[in-house]
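Heads up, the thing below is written out as structure tokens.
FYI, it's all coordinate maths here, none of it is from the lab. The shown structure was predicted, so the numbers you read here are calculated from the model rather than taken from an experiment. All Cβ positions, glycine included, derive from the backbone under ideal geometry; neighbour counts span all protein chains shown.
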Amino acid sequence: MNDQSHFWNERFGKEGWMYGQNPNAFIASQAHRLAPQSHVLCLAEGEGRNAIHLAQLGHHVTAIDASDIGLAKAAQRAQALGVALRTLHMDLHHWEPQEHYDAIVASFIHLPQPLRTQTFTRALAALRPKGVIIMESFSQNQLLGGFTSGGPKDLEMLYNPRDLEMLFAQHPCAIIQLTEEITLLDEGWGHQGDASVVRLIIQKE
């Protein structure tokens, strides 16, 4: 077991749901962008809240995470709800997508460089034409502004919109939304209170 698996297994192994059972509000608000029965990949999906929501909407969903405990909870809940969910236990360092997706979603995916660039580059490559990436994650202002609602305490793990703009400018895609906003999080015991987030929607050409 690597360090990331151990880190997240400790958290997801606790009683209850670290980030709740409801989907991330921004991800849920953008689900209208997906055509019926889309093939969707949820990156760093943890206990499955976004994946299960999208599966309930009729999409074909795969959830990938480094935590086998988180994915087991996701699979068990999906089965109890009667929805199909495919899980993939893998550290993103080793992720080399072999399939193509209509959408890739992630909430609060915080990766060190160069893994972040590698992951987004591979995500774009895994998208079908006109496919979308939808993400909400903490901005650097979450730490600099003293917000206490969650997130890494390492500035390099947080997002600067300009860095994302420069990254995606190198690829054949259009930025539909790239904003930094203050929002109120109510996501389990892991995310509570005002937060500074980056919201991103990319469409592949």
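Report the local net charge at D102: Lys and Arg +1, Asp and Glu -1, summed over other residues whose C-beta lies under 12 Å from its C-beta. Its environment carries a net charge of +3. Relative to one another, the C-alpha centroids of the stretch 79-125 and the stretch 1-61 are positioned 11 Å apart. Percent antiparallel among DSSP beta bridges with both residues in the chain, to the nearest 5? Around 55 percent of the beta bridges assigned by DSSP in the chain are antiparallel ones. Taking 16 Å as the cut-off, the amide N atoms of the stretch 153-172 that come nearer than this to a point 7 Å along the Cα-to-beta-carbon line of A125 belong to 168, 170-172. Residues within the reach of a label modelled at A174 (point 7 angstrom out along Cα to beta-carbon, backbone nitrogen below 12 Å), restricted to the stretch 96-137, are 130-131.
In the chain, the calculated helix contribution to ellipticity at 222 nm averages -8500 deg cm²/dmol per residue, counting -39,500 (n - 2.57) for every DSSP H run with n ≥ 4.
For the stretch 3-204, the dipole from Cβ point charges (+1 on Lys and Arg, -1 on Asp and Glu) about the Cα centre works out to 540 debye, to the nearest 20. The ellipsoid equivalent to the alpha-carbon distribution of the stretch 3-204 has semi-axes of 22, 21, 16 angstrom, derived from the gyration tensor eigenvalues as √(5λ) and listed largest first.
With r defined as the distance between the Cβ atoms of T117 and E15 and R0 fixed at 41 Å, what FRET efficiency is calculated, to the nearest 0.05? Write down the numbers at each step before the final one.
Details: r = 36 Å, r/R0 = 0.88.
With R0 = 41 Å, the Cβ-Cβ based efficiency is 0.70.
Each residue in I69, I104 was given a count of other beta-carbon atoms within 10 angstrom of its own, and listing them fewest first yields I69, I104. Modelled label positions at D186 and R33, each set 7 Å beyond Cα in the direction of Cβ, lie 2.5 nm from each other.
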